[in-house]
Amino acid sequence: MTGTGPFIVSASGIRGVVGSTMTPEVAVRYGAAFGKHLKTIGATDDPGAYVIVGRDSRTSGDLLAAAVSAGLRAAGVSVRNAGIAPTPTLLLAVRDDDRAVGGVVITASHNPVEWNGLKLASGSGMFVSPDAGSAVQQLFEQGSELADWSGLGSGGTLEGVAEHHIDRVLSLSLLDVEAIRRRAPIVALDCVHGAGGIVVPELLRRLGCTVEGVGLATDGLFPRDPEPIPANLGELSRLVRSTGAEIGMAVDPDGDRLALVDGEGDAVGEDWTLALAAEYVLGRRPGPVVTNLSSSQSIEEVAERAGVPFYRTPVGEARVALKMVEVDAVVGGEGNGGVMLPELNLTRDAAVAAVLVLNLLAARGETLREVLAGRERYHMVKQKVGRGDLDPEEVYRRVRAGVPAGAVENTEDGLRLSWPEAREWLHVRPSGTEPILRLIAEAPSLERAEGLTASAGESVHAEAD
């Protein structure tokens, strides 16, 4: 069914290397499986129902869009193709369209250009639940029944999704458009030649910002590693300094993550995006905040200062979204630069993140550097180590034995150990696709964060040798 090489199955989709494990055949079969699932649950009973298909800017995207659309239509489900669209743009289009019963986003997010993937959304504009994703995966593996000639789904295009997204962001009740326009900041922007280039630059201009950009073309030819982490933002930092920009913003290829660079050209770390966005939201609309177990404690501290409930979930955007619905959260997201604002959308959205951060700066009359001055700047270390044939419980036993005693434990998603008085934590998660452990630690000093991951890794391997 797939070639040799990496093929990743997640709760809401699949990813692989184009021409190897992600092929037109795979996309057709997956589209047909999703179509069969939608018909099984009765989502397509209305004759006007359709699935919206969109893609990021990767050069393989149009091929896979055609293939997944063919699979959906062969299963008897109609399709409307939105073309290049950031992930949050596509999901908002699904959420706001009464005829849309689902969506398919063709993206591999921050993975290198040779990768691509298919992510599934329900008619609510949220990524499908783990149960629904498992049902589609089972149909994909087994093969699903196709419609005859008289039952094929129709095709077509859907125009204007980017404009709809921009208009909806500008109409947010939390947003003070005039405050940003009065400030009229210069913003250095890097969209890494991704889909964010069709939404974020225009949104910023309509807010009165002067945009100094790199990578705004949507040709999918990533000039660097596309993940918006500090190590990859050198060109953006130089652009900030050369243009006198007040702030730099980096968007990932599918437009759902935002990283920040201050006016001196220093990348501040992607966890601050959610922390600052949440701070602005809570100042206007106090309420619960949700993030995942691997996100920075700087986000938790924002919630504590505001005196609002704070929740952590297992890693995964869909899990965060479901918890946000459960507790009626006002803001949430993931510490990788992903901000979720339920007033608009229950998915990470770089455009929303950008306007919330700009509004915070405008409200305070301060630069990003000034806002962050004097705050605790935590250090986060991420590491991968092999776990061999050890089962997870044995891994956790060894980790517990190798780190300081007295930790607060959370076992919802792997093992998370925290030492609140020291303001340190360690999260150990087995990969679902590789025989490795993901170790994430955070502490006030880099040495302590590195020490926690080193101790955990060494304790696993010491007894294994």
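Structural remarks
- Pair-distance distribution P(r) for the range 255-340, from all Cα-Cα distances in 5 Å bins starting at 0: 3, 17, 28, 26, 16, 6, 3, 1, 0 percent.
- Spacing of the two label points (7 Å from each Cα toward its C-beta) at ALA217 and GLU458, in nm: 4.9 nm
- Backbone amide hydrogens, once placed in the peptide plane, bring ILE436 within less than 5 Å of ARG387, SER431, excluding anything fewer than 5 places away on its chain.
- Pairs from the list LYS36/LYS323; LYS323/LYS384; LYS39/LYS119 with a Cα-Cα gap above 22 Å: LYS36/LYS323; LYS323/LYS384.
- Checking (1) -0.18, -0.26, -0.46; (2) -0.15, -0.22, -0.40; (3) -0.21, -0.30, -0.52 against log10 I(q)/I(0) by the Debye sum over Cα atoms at q = 0.05, 0.06, 0.08 Å⁻¹ calculated from these atoms, the matching label is (1).
- The aspartates and glutamates whose alpha-carbon is closer than 12 Å to the alpha-carbon of LYS382, local same-chain residues fewer than 8 away aside, are GLU442, GLU450.
- When both bridge partners sit in the range 7-161, DSSP labels roughly 55% of those beta bridges antiparallel.
- Applying 1/(1 + (r/R0)^6) with R0 = 41 Å to the Cβ-Cβ distance of HIS379 and ARG284 gives a FRET efficiency near 0.85.
- Taking the DSSP bridge list for the chain and keeping only pairs wholly inside it, about 60 percent are antiparallel.
- Each of ASP96 and LEU170 was given a label point 7 Å from its Cα along the Cα-to-Cβ line. The distance between the two points is 1.2 nm.
- Dividing the summed helix terms, -39500 (n - 2.57) for each DSSP H run of n ≥ 4, by the number of residues in the chain produces a 222 nm estimate of -11500 deg cm²/dmol to the nearest 500.
- For the chain: relative contact order, % (alpha-carbon pairs under 8 angstrom, 6 or more apart): 12 percent
- Positive contributions from Lys and Arg (+1) and negative ones from Asp and Glu (-1), summed over other residues with Cβ under 12 Å from the Cβ of SER237, come out at -3.
Every number here is computed from the coordinates shown, using simple stated rules; none is lab data. Not measured: the values here are computed from a predicted model. FYI the Cβ positions are ideal-geometry reconstructions off the backbone, even for glycines, and counts take in every protein chain you see.
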